[in-house]
Amino acid sequence: MKKGWTLLIASVWMAAIAVYTSSTTLEVVATATGLLSVWLTARENIWAWPVGLVNVGCFFFMFEEAKLYADMTLQIFFFILSVYGWAVWLMKREGADVRPTRRIKMGTAVWLGALAVVLSAVWGYVLETYTDASIPYADAFIATFSLVAQYLLSSKVLENWICWVAVDVMSIAMYAYKELYALSFLYVIFLLIAASGYVSWRRELRQRERGLTVWQAESAPRV
């Protein structure tokens with residue numbers, strides 16, 4: 001019951017922000033579903049994924065109008081990764097509501113970082129050469145690292161929040177430069193939720209690790 005009231009209050013609050021910062025119905029729905037999706041994700045709620053799919057569709061058309069083509073294309077990948085994340089979170093739950101959080105492996109971090117740098121450069125060049133994108137390399141860089149963050153989030157990896165914090169900071173600057181001030185403000189809220197998500201997920205992970213350590217110690221054969 002308490003969770004239901006919390007979700008209702010959060011939804012009303014996010015809808016109010018959406019109405020305040022948006023000028024069209026599409027922007028209102030995009031803002032509200034975006035905030036709600038990230039908030040639910042930070043709380044490891046499986047409903048984050050269907051809400052996120054609605055948000056992805058809204059942002060696709062918004063970015064098309066703003067000529068931010070990398071971000072527009074990004075929504076297609078977000079859609080695929082959201083469906084993937086929905087499935088992953090429901091697998092290997094170990095008795096919990098969703099799959100337990102895990103840490104990134106060093107090898108995964110290295111190849112993802114290298115891939116992001118290369119893809120950003122190639123994507124930026126394509127946007128600069130073949131489109132009328134206004135800030136092609138910045139757009140491509142943020143879009144690429146958003147993909148990395150989304151992949152880690154879908155895979156239930158703690159470090160996704162660190163990536164999202166970096167993406168949110170860069171997005172705030174980019175959208176302010178484009179005079180999309182409502183969107184820039186939205187990413188300030190995203191930044192706060194991402195920081196909260198990292199703290200919450202890390203706490204849950206540490207509690208589980210401590211519980212596993214205690215269980216292993218108690219299960220060890222006595223000499």
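Summary of computed values
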item	result
Output for region 89-121, where each listed residue is buried (at least 17 other Cβ atoms within 10 Å of the Cβ) and part of a helix (DSSP H, G or I)	W89, L112, A116, L119, S120
Candidates A176, A182, filtered to the one that is surrounded by 13 or more Cβ atoms within 10 Å (Cβ to Cβ), part of a helix (DSSP H, G or I) and at pLDDT 85 or above	A176
Residues of region 3-14 satisfying the condition of being farther than 21 Å from Y175 by Cβ and either modelled with pLDDT of 90 or more or not polar (S, T, N, Q) (or both)	K3, G4, W5, L7, L8, I9, A10, V12, W13
Failed item in (1) of a type outside the set (D, E, K, R); (2) surrounded by 21 or more Cβ atoms within 10 Å (Cβ to Cβ); (3) closer than 22 Å to V169 by Cα, with A66 passing the rest	(2)
Test for A149: is it free of Cβ contacts under 8 Å to residues at least 40 places away in the same chain and within 24 Å of L90 (Cβ to Cβ)	yes
Residue in region 152-168 that is among the polar types (S, T, N, Q) and buried (at least 21 other Cβ atoms within 10 Å of the Cβ) present	yes
Test for Q216: is it modelled with pLDDT under 85, assigned to a helix (DSSP H, G or I) and polar (S, T, N, Q)	yes
V122 being over 24 Å from G57 (Cβ atoms), β-branched (V, I, T) and out of contact with any strand residue (DSSP E or B) (no Cβ under 8 Å at 6 or more places or on another chain)	yes
Matching residues, region 19-39, being over 17 Å from L191 (Cβ atoms) and at pLDDT 70 or above	V19, T24, T25, L26, E27, V28, V29, A30, A32, T33
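The values are calculated or read from the model by the stated rules, or taken from the named source; none is laboratory data. Predicted, not measured: the structure shown is a model, and the values here were computed from it. So basically every Cβ, Gly included, is an ideal-geometry build from the backbone, and we count neighbours across all protein chains shown.
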